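Asks: I have a structure I would like to understand better, so I am pasting it below and will then ask my questions one at a time.
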Amino acid sequence: MTTPLGLAAVATGLAETGRTSGGEATLFWFIAPVMVIAALGLLFARKTVHAAMSVVLVMISLAILYVAQEAPFLGVVQVIVYTGAVMMLFLFVLMLVGVDSSDSLVETIRGQRWIGALLGLGLGAVLVGVVLTAADLAPAGLVEANADSNPVGVARVIFSDYVFALEVVGTLLVVAALGALVLTHRQRLTRQVGQKERADARIAAGTVLTPLPAPGVYARSNAMDVPALGPDGRPLESSVPRVLRIRGQERSVAEVHAEIGAEGVGSTPPERSITGEEEVR
Amino acid sequence: MMTTALAALPLEAEGAVAAASASGAFSVAWLLIALPMLGAAVLLLAGRRSDAWGHWLGVLASGSAFVVGAVLWFAMMGLPADERVQDLHLFSWIPAGAFSLDAGLRVDPLSLAFVLLVTFVGTLIHVYSVAYMEHDTDRRRFFAYLNLFVAAMLLLVLADSYVLLFVGWEGVGLASYLLIGFWNHEMPNAVAAKKAFVANRVGDIGMIVAIGLMFATFGATDFSSVFGRAEGAGEGLLTATGLMLLLAATGKSAQFPLQSWLGDAMAGPTPVSALIHAATMVTAGVYLVVRSAPVYAGAPTALLVVAIVGAITLLFGAIVGCAKDDIKKTLAASTMSQIGYMMLAAGLGPIGYAFAIFHLLTHGFFKAGMFLGAGSVMHGMGDSVDMRRFGGLSRYMKVTWLTFAAGWLAIIGFPGLSGFWSKDKIIESAYAVADGEGWQPWVFGTVALVGAGITAFYMSRLFFMTFHGDKRWSDGHGEGPADGPVRHPHESPRLMTVPMAILAVGSVALGGILAFGDSFVTWLEPVTGHAEHHEPVLPIWLIMVLTFVLVIAGVFLAWRQYAAAPVAVVPPRGSVLTRAARKDLYQDDVNEALLMLPGQYLTRSLVYGDRQLVDGAATGLARVVAGSGEIVRRVQNGYVRSYASTMVAGIVALTAVVLAFQI
Amino acid sequence: MTPAFVAPEIPWAHLLPVAIVLVAGVVGVLVEAFAPQRLRRAIQLTIALLATAGAVVAVAALWAGVRDTGGTVVLGGSMIIDGPALVLQGVLALLGLVSLLVIADRTESGEDAFAPSASAVPGSDYEELARRKGLAQTEVFPLVLFALGGMMIFPAAGDLLTLFVALEVLSLPLYLLSGMARRRRLLSQEASMKYFLLGAFASAFFLFGTALLYGFAGSVRLADIAAATSTVVGMDALLLAGVLLLMVGLLFKVGAVPFHSWTPDVYQGAPTPITGFMAACTKIAAFGAILRIVYVVVPPLEWDVMPLLWAIAVLTMVVGTVVAIVQTDIKRMLAYSSIAHAGFVLVGVVALTSSGISSVLFYLLAYGLSTIGAFAIVSLVREVNAGPGGAVVAEATHVSQWSGLGQRHPVLAASFALFLLSFAGIPLTAGFTGKFAVFSAAVEGGLTWLAVVGVVVSAAAVFFYARIIVLMFFTDPAGTAGETTTVVRSEGFTTVAIALGVIGTILLGVLPSPVLDLLADAAKLIP
Amino acid sequence: MNLSNYLVLAAVLFTIGATTVLLRRNAIVVFMGIELMLNATNLAFVTFARIHGDLTGQVMAFFVMVVAAAEVVIGLAIIVAIFRTRRSASVDDVNLLKS
């Protein structure tokens, strides 16, 4: 309760109900250009995230303007609902779709850019022309209506005159929840596979259960691309990383031998000489 | 020149009779439609169970409708002439605001004449079909469709408003497709049904637009209101309405330029050709024009167009008829030509209306008779329709030959027979049109006169080729040419010959009876109004002599070529005209070029962006079509942004317009 | 201090039709959460059918009172239960019931028109598994009920706030439902996205119009705005632009040109039963709101706004008809035809007479019945995979695939032909009566020229409807080796819906007078 | 300062939002444009409420926020569903349905 009241106090400070104070004018002329520029970001930003952030800016500015216009309740709701919920939802989806996605600048529909710009200008001209006719209206101000504080005033109107709309909006929210569920929720159709089942399946498949052996390490050749030798002295193909094998970058033991040459006989020579001709396992 | 029709206006006023509310016998007029409709419903719903007796139920339904019609006729005879237009209100159909639409029937001399024709000829054809369709497993369904047709046709002629008439109009169309396509497992029949469908749709558009125009002009579509208010309406609107009605009539009556479907429609069973494509449905266009007389009274230009269309079709059909070797198609061409006569007569205005209907009635008899005769010949000749393989049948099918001869003499206008009375009157009236001034009487009169001569030629050709001359078929016992197909011609059963005989009697006598003391013209006066007699530009005796000479000449030519001389079984190449006539004077090609091709191009180009069209568009029309297709594609390109742009453009335009007017 | 808050009285009796449907929707959601899976469909279907039937009954129960008193304003003006509103609510509930039959129906292989799991990626293993397990997205039923509830509020809404909320309540479920087709899921998802983006775009304009009207009148109640039109001076621009933007939002919903471009795409992509539901019911609801605004708010502005509506009506009729002629997809063709019908209804709307209201109500009923029936038939005509015993797959929507249908399935094809004839306005069908009613209302309202344009356009429209009929009855099937098009057998709900459509179309064509009389009684809007 | 300045600001923001729909191809950005339009409308409502001394405008704005929240949920769900299918969030890529 305190916050809206406090905001209401700010509001009354800015606006002398109906007529605007100098403070409000300053605020407006500071914030309006910012809003328009931010909104234009929606039109011109290459990256979707930038567009989203500029919309957030517009929405927060709007909240400030609401407070200035004797609507502190709406100001709060604007921040909570729009900036807090709606735009966050947008950002979530952006993350899902790929945060760095950006529009290609090549226009696919011939002439669409000019048509769009022209229509936008036309629409703007018409709408501005229309609202300017309201310039002669004498503002009545909301002092009387906000006498019991703004939230109470709004609540009175909502719960008396528009209670039916409120009830119907309830079903709208149900629809929204149901809709999101329908389009995103996937029922589990197969039995859930637990750790035990996974382990059993692995054993049943008969593959290697332990970690794979490390690649070969020799005194003169310490490399990932040479297979290790098994206890029986044969090279273990699986010890070389799969990537190297696929790329064809592994070396055979024989190649290493050839490289090492005669000096390659270590202090503890192998019990059997390794020729490199052994069958690969 | 145009003044005649206008001068006839006051005649309308004094001649035509205002409608009275139906009472007494006339209040059961709805039975006329209900009985055959009930028959159709029972036959369709009962299904196979009614196979055994269904056809007789169909005959009964049609016959009882005739009885009702006869009763009404007697009742009307008992009324003075000025009470003979009876309106029967059935129910309030669409009570919408200030304009309401009622369903009602109008029983008057005109509709009653049609009722008697339709039910009488219809019943005979039903009887005939019992035998003709005996071996068809779906005979019951066939009778259901026949009954449906009779009901729809009666609705068409009895309706008291254009909207209800349109219902009947569509109904006969529907029944006609069902019957043409009755054997629709055979492809050509389905194609024929399709052709008839398309031609009729073009006509329907005329009908819909005409109804819309009437509705917009008079605020009503029932005959009483429309005719009552037609006098006060502007000529332009009436002309437009008249032309649209004519378009409808050309579609239904196979008149130029929508005539092409009739020949192909002969693919249906022969009784259908007799009932629908000779006696009844195709005359609906003539009925429409005559019924709309008060509209045409204020639209002389439209009336003139009616006459021109009639004249063109008259010659067109006659020329085509000379070259066809298919007996049914020849008869179809002849039908086209004869309806051209009726249309011409209707186009002459008040002096011709009565004769149009007169000829329509006599034609209904003799043409139906000849179609049934043709069916009988086909029945005896293994369903063959090639006249070049007929010949000498008079010995084998005596009754058919005799009845056909009656029809033949009637149609060529042999003095004393039905056709003579009705056709000569039309020729006379054509020479008398427009007060006998200007080019009209000479042109229309001469066309009608020449048409009579050609009619005599091609009908005699048909008659001689079929019943006389050499046998061009083999009887399997060494008689006739060895290469000919083996046939066993035999007379048809009673059920078929009796209806033919009755129609033959009508062909001989009906004209004389109706012409006696101008009784039919007087009978129709409450509807068509009294027409002053106009002197033809030629003396009447001269016209009669000329007609007779031309007819005799036509018959003689045909006799020399097709009865006295051998007929080639393979059609000779023939002259340019013959070849053109065989191909229906290239009407299909013309239609294709005029109607089908642009349609195909339209579809193709708009949907697939036909390269050919875009690249090598030859005509301006094609370019326009291609252009609009391009626009459609560009706007409906599947891009959300473009759609949004359309919306914003609309919004900006709307708002800007409003604001502009505000300032 | 203002006096203590007094809770408003909620007149449940008058809200009953709407309340039944919305509460049933909520119950449906609970069923989703708690009922075992195999029972869900049966329970959902029962609830949905009972709810719509109950709404029809509730409307009937309210009818006598409304006819005698002319209607009531409830909730301080939020809802106006008058003749047109009640009639439209009844029609919507009835057509909703018929639509639900089509939506619920399953083929003999147990597949309905919706994806077994809408969240599955099209073509994925998961989707295939879901299909084989016979999953069903039974959330469809509550979603349809919510949409229907929103639609039923729409024609009765007495203030712009309620109207806006109702607009969203009817739209959001439809956006979702459009994307849930079982077959051709890419198209379906695309339809959903297009519908959503353009719909939200249009409702933003609607909202801005509301703001302008609020700025003009200081209230969002229609009655107050109407009153202000005569008292407030000097701010006509606000009023006019407000009304126009408001109308844009509504005209978007009915698919009037130039706000129509979404219609063909969405109608084509959405699951066919949903297309039928949308085409019929959304249009009815939106026209209900348009009637209220045009007849209550606009009259003082007649000469400013009406000419624009005339132009839109003409454009809509012409564009809908002309473009329909060149379509090759049956659903697209029906979509353009529905655009043309929106134009015809607009002709009745702009008449500004009481017979205009009743004619529009009648037209909507007639059109709705035929439309649901037509789309129901489309949902039954399917493609068959090549080869012997080929599986039945997606709907055969290309018109060439319909050739020869009349020879193999005469009853079905005849029903479709009947609906087409009704669309074309051939006498003895409901469509004719409807066209007659709107055109005569236009003539009565002094708009003879508009009626003439309407007649000419509908005459041209006959051609493309006839084309389909010719194709079905007089053309040989396109495929050579075996059938490639078949009519799928189903549980029979669709058949019931089609039969209802056929009966309604004929009855409203042959004996429309009882209905027309009833509507004439109802044609009075409370300002 | 005249209150119509707020209204002009609202109109400008609304226009920018609408133009975004016409020009941008990323469905999420387009959707944000629509949200901007709704926000602009709210500003107009609040300003008119102040002009008329009537809280209905603020109530309208409140309802718009709630409705917008619901709409965002549905809209983003649809966009995500499409993204999962096509791996693209461009509105131009959903272009199978056309004449």
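Asks: Got a sec? Which helices (runs of 4 or more DSSP H) wholly within the stretch B:385-480 have at least 2 residues that are open to solvent by less than 10 Å² (accessible area, probe 1.4 Å), in contact (Cβ under 8 Å) with a residue 60 or more places away in the chain and under 21 Å from B:Val309 (Cβ atoms)?
Replies: On the way: elements: B:398-411, B:418-432, B:440-467.
Answer list for the stretch B:385-480: B:418-432, B:440-467.
Asks: Could you identify the single residue in A:Phe73, A:Phe30 that is of a type in the set (Phe, Trp, Tyr), open to solvent by 10 Å² or more (accessible area, probe 1.4 Å), within 19 Å of D:Ala61 (Cβ to Cβ) and at pLDDT below 95?
Replies: Values: A:Phe30 fails: within 19 Å of D:Ala61 (Cβ to Cβ).
Sole residue among the options that is of a type in the set (Phe, Trp, Tyr), open to solvent by 10 Å² or more (accessible area, probe 1.4 Å), within 19 Å of D:Ala61 (Cβ to Cβ) and at pLDDT below 95: A:Phe73.
Asks: Looking at D:Ala69, D:Ala49, D:Ala10, which one is surrounded by fewer than 24 Cβ atoms within 10 Å (Cβ to Cβ), touching a Leu at 6+ places or on another chain (Cβ under 9 Å), in a helix (DSSP H, G or I) and modelled with pLDDT of 90 or more? Reasoning before the result, please.
Replies: On the way: D:Ala49 fails: surrounded by fewer than 24 Cβ atoms within 10 Å (Cβ to Cβ); D:Ala10 fails: surrounded by fewer than 24 Cβ atoms within 10 Å (Cβ to Cβ).
It is D:Ala69.
Asks: Now for a separate question. Suppose we keep only residues that are more than 11 Å from chain B (Cβ to nearest Cβ) and in a loop (DSSP other than H, G, I, E, B) within the stretch C:243-271. Which one would you say is nearest to C:Ser219 (Cα to Cα)? Quick ask: steps written out before the conclusion?
Replies: From the stretch C:243-271, those more than 11 Å from chain B (Cβ to nearest Cβ) are C:246, C:250, C:253-255, C:267, C:270-271; that's our starting set.
In the following step, the residues that additionally are in a loop (DSSP other than H, G, I, E, B) were identified as C:255, C:270-271.
Values: C:Gly255: 29, C:Ala270: 38, C:Pro271: 40 Å.
Restricting to residues being more than 11 Å from chain B (Cβ to nearest Cβ) and in a loop (DSSP other than H, G, I, E, B), the top hit is C:Gly255.
Asks: A further question follows. Give the number of residues within the stretch C:13-61 that are open to solvent by 40 Å² or more (accessible area, probe 1.4 Å), in contact with an Asp or Glu (Cβ under 9 Å, 6 or more places away or on another chain) and either of a type in the set (Gly, Ala, Ser) or under 18 Å from A:Leu172 (Cα atoms) (or both).
Replies: The total comes to 0.
Asks: Among the candidates C:Pro142, C:Pro155, which residue alone is more than 9 Å from chain A (Cβ to nearest Cβ), touching a helix residue (DSSP H, G or I) at 6+ places or on another chain (Cβ under 6 Å) and not aliphatic (A, V, I, L, M)?
Replies: Only one candidate passes the filter, namely C:Pro155.
Asks: Something else now. Being over 13 Å from C:Ala157 (Cα atoms) and over 11 Å from the mean Cα position of the chain (by Cα) is the filter here; which residues of the stretch C:269-297 pass it? Let's see the steps before the verdict.
Replies: Of the residues in the stretch C:269-297, the ones over 13 Å from C:Ala157 (Cα atoms) are C:269-284, C:294-295, C:297.
Those that are over 13 Å from C:Ala157 (Cα atoms) and over 11 Å from the mean Cα position of the chain (by Cα): C:Gly269, C:Ala270, C:Pro271, C:Thr272, C:Pro273, C:Val294, C:Tyr295, C:Val297.
Asks: Wholly within the stretch B:276-369, which helices (runs of 4 or more DSSP H) include no fewer than the required count, namely at least 1 residues that are in contact with a Pro (Cβ under 9 Å, 6 or more places away or on another chain) and at pLDDT 85 or above? First the steps, then the outcome.
Replies: Details: elements: B:284-291, B:293-297, B:300-323, B:327-347.
Qualifying helices (runs of 4 or more DSSP H): B:293-297, B:300-323.
Asks: From (1) closer than 28 Å to C:Leu88 by Cα; (2) crowded, with 21+ Cβ neighbours inside 10 Å; (3) touching a Gly at 6+ places or on another chain (Cβ under 9 Å); (4) of a type outside the set (A, V, I, L, M, F, W, C), pick out the condition that doesn't hold for C:Thr494.
Replies: Every listed condition holds for C:Thr494 apart from (3).
Asks: Got a number for residues in the stretch B:527-557 being open to solvent by 70 Å² or more (accessible area, probe 1.4 Å) and modelled with pLDDT of 80 or more?
Replies: Step one: filter the stretch B:527-557 for residues open to solvent by 70 Å² or more (accessible area, probe 1.4 Å), giving B:530, B:532-533, B:535, B:541, B:544-545, B:548-549, B:552, B:556-557.
Next, from what is left, pick out any that are modelled with pLDDT of 80 or more: B:541, B:544-545, B:548-549, B:552, B:556-557.
Here the count works out to 8.
Asks: Within the stretch C:275-294, can one find any residue that is open to solvent by 10 Å² or more (accessible area, probe 1.4 Å) and either part of a helix (DSSP H, G or I) or more than 11 Å from chain B (Cβ to nearest Cβ) (or both)? Break it down stepwise before answering.
Replies: Initially, the stretch C:275-294 is screened for residues open to solvent by 10 Å² or more (accessible area, probe 1.4 Å), giving none.
Within the stretch C:275-294, not a single residue is open to solvent by 10 Å² or more (accessible area, probe 1.4 Å) and either part of a helix (DSSP H, G or I) or more than 11 Å from chain B (Cβ to nearest Cβ) (or both).
Asks: Determine if the stretch C:127-135 includes at least one residue that is touching a residue at least 24 places away in the same chain (Cβ under 8 Å), farther than 20 Å from D:Thr85 by Cβ and open to solvent by 10 Å² or more (accessible area, probe 1.4 Å).
Replies: Yes - at least one qualifying residue is present in the stretch C:127-135.
Asks: Looking only at the stretch C:1-27, which residues are more than 9 Å from chain A (Cβ to nearest Cβ) and in contact with a Leu (Cβ under 8 Å, 6 or more places away or on another chain)?
Replies: C:Pro11, C:Ala13, C:His14, C:Leu16, C:Pro17, C:Val21, C:Ala24
Asks: Let me confirm something: among C:Leu148, C:Leu143, C:Leu172, which residue is closer than 30 Å to C:Leu518 by Cα, within 16 Å of the chain's Cα centre (by Cα) and buried (at least 24 other Cβ atoms within 10 Å of the Cβ)? Give the steps one after another, and end with the answer.
Replies: Working: C:Leu143 fails: closer than 30 Å to C:Leu518 by Cα; C:Leu172 fails: closer than 30 Å to C:Leu518 by Cα.
Exactly one of C:Leu148, C:Leu143, C:Leu172 is closer than 30 Å to C:Leu518 by Cα, within 16 Å of the chain's Cα centre (by Cα) and buried (at least 24 other Cβ atoms within 10 Å of the Cβ), namely C:Leu148.
Asks: Output yes when any residue across the stretch B:500-508 is at pLDDT 75 or above and either of a type in the set (Asp, Glu) or under 16 Å from B:Arg395 (Cβ atoms) (or both), and no when none is. Talk me through it step by step, then tell me what you get.
Replies: Of the stretch B:500-508, the ones at pLDDT 75 or above are B:500-508.
If we keep only those that are either of a type in the set (Asp, Glu) or under 16 Å from B:Arg395 (Cβ atoms) (or both) too, we end up with none.
No, there is no match, as no residue in the stretch B:500-508 is at pLDDT 75 or above and either of a type in the set (Asp, Glu) or under 16 Å from B:Arg395 (Cβ atoms) (or both).
Asks: OK, next. Looking at the stretch A:103-119, which of its residues are at pLDDT 80 or above and at the interface with chain D (Cβ under 8 Å from one of its Cβ atoms)?
Replies: Applying the first criterion (at pLDDT 80 or above) to the stretch A:103-119 yields A:112-119.
Within the stretch A:103-119, A:Gln112, A:Arg113, A:Ile115, A:Gly116, A:Ala117, A:Leu119 meet the criteria.
Asks: Of everything in the stretch B:36-68, what is in contact with a Pro (Cβ under 9 Å, 6 or more places away or on another chain) and open to solvent by less than 20 Å² (accessible area, probe 1.4 Å)? Give them in sequence order.
Replies: Selection gives B:Gly58, B:Ala61, B:Ser62, B:Ala65.
Asks: Restricting attention to the stretch A:120-143, which residues are facing chain D (nearest Cβ under 8 Å), within 18 Å of D:Gly57 (Cβ to Cβ) and not in a loop (DSSP other than H, G, I, E, B)?
Replies: A:Leu127, A:Val130, A:Val131, A:Ala134, A:Ala135
Asks: Would you check which residues across the stretch C:408-450 are farther than 21 Å from C:Phe463 by Cα and within 7 Å of chain B (Cβ to nearest Cβ) and list them?
Replies: Within the stretch C:408-450, C:Ala437, C:Ser440, C:Ala441, C:Val443, C:Glu444, C:Thr448 meet the criteria.
Asks: Which condition breaks for C:Gly76 when tested against (1) touching a Pro at 6+ places or on another chain (Cβ under 7 Å); (2) open to solvent by 10 Å² or more (accessible area, probe 1.4 Å); (3) away from chain A (no Cβ under 14 Å)?
Replies: (3)
Asks: If you don't mind, there's one more thing I want to ask. In the stretch C:169-189, what count of residues is obtained for those that are more than 13 Å from A:Ala176 (Cα to Cα) and either more than 7 Å from every other protein chain (Cβ to nearest Cβ) or hydroxyl-bearing (Ser, Thr, Tyr) (or both)? Steps first, answer last, please.
Replies: Here is the first cut: in the stretch C:169-189, the residues more than 13 Å from A:Ala176 (Cα to Cα) are C:178-189.
When the remaining residues are screened for being either more than 7 Å from every other protein chain (Cβ to nearest Cβ) or hydroxyl-bearing (Ser, Thr, Tyr) (or both), the result is C:178, C:180-185, C:188.
Count: 8.
Asks: Mind listing whichever residues of the stretch B:194-225 are in contact with a strand residue (DSSP E or B) (Cβ under 8 Å, 6 or more places away or on another chain), more than 8 Å from chain C (Cβ to nearest Cβ), assigned to a helix (DSSP H, G or I) and not polar (S, T, N, Q)?
Replies: Here is the first cut: in the stretch B:194-225, the residues in contact with a strand residue (DSSP E or B) (Cβ under 8 Å, 6 or more places away or on another chain) are B:215, B:219-224.
Applying the additional criterion that residues be more than 8 Å from chain C (Cβ to nearest Cβ) yields B:220-224.
The next check asks that each one be assigned to a helix (DSSP H, G or I); those that pass are B:223-224.
Scanning the stretch B:194-225 gives a single hit, B:Phe223.
Asks: Then there is this: So, D:Ile78, is that one assigned to a helix (DSSP H, G or I), within 20 Å of the chain's Cα centre (by Cα) and within 12 Å of chain B (Cβ to nearest Cβ) or not?
Replies: On the way: assigned to a helix (DSSP H, G or I): yes; within 20 Å of the chain's Cα centre (by Cα): yes; within 12 Å of chain B (Cβ to nearest Cβ): no.
No, not satisfied.
Asks: How many of the residues in the stretch B:106-158 are of a type in the set (A, V, I, L, M, F, W, C), in contact with a strand residue (DSSP E or B) (Cβ under 9 Å, 6 or more places away or on another chain) and outside any helix (DSSP H, G or I)?
Replies: Here the count works out to 1.
Asks: Considering only residues that are open to solvent by 20 Å² or more (accessible area, probe 1.4 Å) and either more than 13 Å from every other protein chain (Cβ to nearest Cβ) or within 17 Å of the chain's Cα centre (by Cα) (or both), which ones fall in the stretch B:139-170?
Replies: Of the stretch B:139-170, the ones open to solvent by 20 Å² or more (accessible area, probe 1.4 Å) are B:139-141, B:145, B:148, B:155, B:160, B:170.
Correct list: B:Arg139, B:Arg140, B:Tyr145, B:Leu148, B:Leu155, B:Asp160, B:Glu170.
Asks: Looking only at residues in the stretch C:318-367 that are of a type in the set (A, V, I, L, M, F, W, C) and not in a helix (DSSP H, G or I), which one is farthest from the other protein chains (Cβ to nearest Cβ)?
Replies: Pass one, the stretch C:318-367, residues of a type in the set (A, V, I, L, M, F, W, C): C:318-319, C:322-326, C:330, C:333-335, C:339-340, C:342, C:344-347, C:349-352, C:357, C:360-362, C:364-366.
If we keep only those that are not in a helix (DSSP H, G or I) too, we end up with C:326, C:350-352.
Values: C:Val326: 4, C:Val350: 15, C:Ala351: 9, C:Leu352: 12 Å.
Checked the stretch C:318-367; the qualifying residue farthest from the other protein chains (Cβ to nearest Cβ) is C:Val350.
The values are calculated or read from the model by the stated rules, or taken from the named source; none is laboratory data. These figures come from a predicted structure and were not determined experimentally. Note: ideal-geometry Cβ built from the backbone for every residue, glycine included; neighbour counts use all protein chains shown. With ligands, DNA and RNA removed, areas are computed over all heavy atoms of the protein, side chains included. Shrake-Rupley method; radii C 1.70, N 1.55, O 1.52, S 1.80 Å.
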